[in-house]
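So the structure is just underneath, and the comments pick up after that.
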Amino acid sequence: MEKLIITAAICGAEVTKEQNPAVPYTIEEIVREAKSAYDAGASIIHLHVRWDDGTPTQETKRFQEAVDAIRKVCPDVIIQPSTGGAVGMTDLERLASTDIVPTPEFATLDCGTCNFGGDEIFVNTDNTIFNFATIMKERGIKPELEVFDKGMIDIALKADRKGLLVHPLHFDFVLGVQMSATIRDLVFMVGSIPAGSTWTATGLGRNAWHIAAATISMGGHVRVGFEDNLYLEKGILAKSNGEMVEKVVKLAKLLGREIATPNEAREILSIKK
Ligand code: KMH
Ligand code: ZN
C-alpha cells in the first residue's frame, strides 16, 4: 500500500480555547501546534488563522505571517490554506488566504453548501465553486476537494466536466458534519470518486478514530486535528495536535502502513513544488 499522508488541521475557525485550552490563536501558538504535528509525522498542515482574540480571519497578511513562521520550523511541510474560512465570510474574503507569497501549492475547495449546526449554513453555490476552481487552476494551486456528502462529489465532477480541475483529483471526505460517519458511509464515498483519484478522510469529533483506522486499512489518507476533534479519547482532551498525529502513526504501525514525508506526499498527490 502507498505510504500514509497525515494532514493536521491544527486550528479551524470554530473551535475555542474554552473547549480545549490548547487550541491555537496567536502566531506563536499556531507555530507551536504546526511543529508538534510535523514532528509527530504530519506532512500537511491544513491552515486557518485567527486574530489573537480567537476571531477567525482570512486576511492575507495574517496568513503570510503564519506561513512564514511555520516555514522556519517545518521547512518542507505542505501548507494548505483554507479557502473555506468561517461561516458568513464572502468569497473574496475567503480567497485572500491564497494571495500569499509564494503562491500555495495546495488549498481547500469546498464543493457544496452544508448545514453547520444550529442556524449556521456554510454556503458554496455552484458559481462560487466553479470560480474558486478556475482561479486555482490558473494559479497552479492544487485543490483538495472538500466533500461533506455524496452530492458534493457530484458537484466536483461537474466542475471537472467543465475542465476546471486537473487530474488526478484529490478528495477529502469530511464525515460527521452533514453526513453520518459510519464505515458504510466511507466505503460509499470512496466508491463514488473517479478511478485514479486520491483521498483523505476526516471523522468529526468522536468519529475521528474509527474513520482513521478504516481509512488506513483502505489505502486512503488521514486528517486529524483540533479543527475536527478536541479529544484524544473519550473524556480526555488532546494536549496538542501532535498527540493526535502520534495516535494516527501508532494505528498505522499496527496496521502495517508507513508514513509519508512531505516530499513523498507531494509525489503521491502530484503536487508541483
Ligand atoms: N470553517 C468552515 C466553515 C475549509 O477549510 O475549506 C469551512 C472549512 C472548510 O473549514
Ligand atoms: Zn478547514
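The values are calculated or read from the model by the stated rules, or taken from the named source; none is laboratory data. Fair warning: this is a prediction, and the values are worked out from it, not measured in the lab. Positions of Cβ are generated from backbone atoms using ideal geometry, with glycine treated the same way; all protein chains shown enter the neighbour counts. Just so you know, the surface numbers come from the protein's heavy atoms only, side chains and all, with ligands and any DNA or RNA stripped out. Shrake-Rupley method; radii C 1.70, N 1.55, O 1.52, S 1.80 Å.
Surface analysis of the range 1-91 yields an accessible area of 36 Å² per residue, using protein heavy atoms and a 1.4 Å probe.
Compared with the rule-of-thumb size 2.2 N^0.38 Å for a compact globular protein, the range 123-173 has a Cα radius of gyration ratio of 1.02. Annotation: the antiparallel percentage among DSSP beta bridges lying fully within the chain is about 20.
Can you give the Kirkwood hydrodynamic radius for the range 1-155, in Å, rounded to one decimal and based on Cα pairs? Provide the component values of the computation, followed by the final result.
Working: mean 1/r = 0.0627 Å⁻¹.
The answer is 16.0 Å.
Per the Cα gyration tensor, the range 168-214 maps to an equivalent ellipsoid with semi-axes of 19, 10, 9 Å, ordered largest to smallest. Considering Cα pairs under 8 angstrom that are at least six residues apart, work out the relative contact order of the range 1-81 and quote it in whole percent. Relative contact order here is 35 percent.
The alpha-carbon atoms of the chain define a convex hull whose volume equals 113 cubic angstrom per residue.
Contact order for the range 10-151, expressed relative to its length and based on alpha carbon pairs under 8 Å spaced 6+ residues apart, stands at 19 percent. For the range 66-152, the set of chymotrypsin sites (Phe, Trp or Tyr not before Pro) satisfying both a DSSP loop assignment and a count of at most 12 other C-beta atoms within 10 Å is empty. Among the trypsin sites (Lys or Arg not before Pro) within the range 1-47, those in coil by DSSP and having at most 15 neighbouring Cβ atoms inside 10 Å are K17. The trypsin sites (Lys or Arg not before Pro) of the range 102-204 meeting both criteria, a DSSP state outside H, G, I, E and B (loop) and at most 16 other C-beta atoms within 10 angstrom of the site's C-beta, are K162. Given axes a ≥ b ≥ c from the Cα gyration tensor, I'd like to know whether the range 121-273 is rounded (a/c under 1.5), prolate (a/b larger than b/c) or oblate. It comes out prolate by the Cα gyration axes.
Rounded to the nearest 5, the antiparallel percentage of DSSP beta bridges internal to the range 1-142 is 35%. Heavy-atom surface analysis with a 1.4 Å probe gives the range 39-85 a carbon and sulfur content of 52 percent of its accessible area. Here the calculated FRET efficiency for K61 and K272, from their Cβ-Cβ distance with R0 = 25 Å, stands at 0.45, rounded to the nearest 0.05.
When nucleic acids and ligands are ignored and a 1.4 Å probe is applied, H221 ends up with an accessible area of around 0 Å². Couplings 3J(HN,Hα) for the range 7-17, derived from phi with the Karplus relation 6.51 cos²θ - 1.76 cosθ + 1.60 (θ = phi - 60°), are 9, 10, 9, 7, 9, x, 10, 10, 6, 10, 5 Hz, where x marks Gly and Pro.
Counting heavy atoms of the protein chains alone, H167 has an accessible area of about 100 Å² for a 1.4 Å probe. Each stretch of four or more DSSP H residues adds -39500 (n - 2.57); spread over every residue of the chain, this sum gives -11000 deg cm²/dmol at 222 nm.
Relative contact order for the chain: 24 percent, from Cα pairs under 8 Å spaced at least 6 residues apart, divided by residue count.
Please give the residues of the range 45-78, grouped as numeric ranges, whose backbone N is less than 16 Å from a label point set 7 Å along the Cα-to-Cβ vector of E18. Taking a point 7 Å out along Cα→Cβ of E18, the residues of the range 45-78 whose backbone N falls under 16 Å are 53-56.
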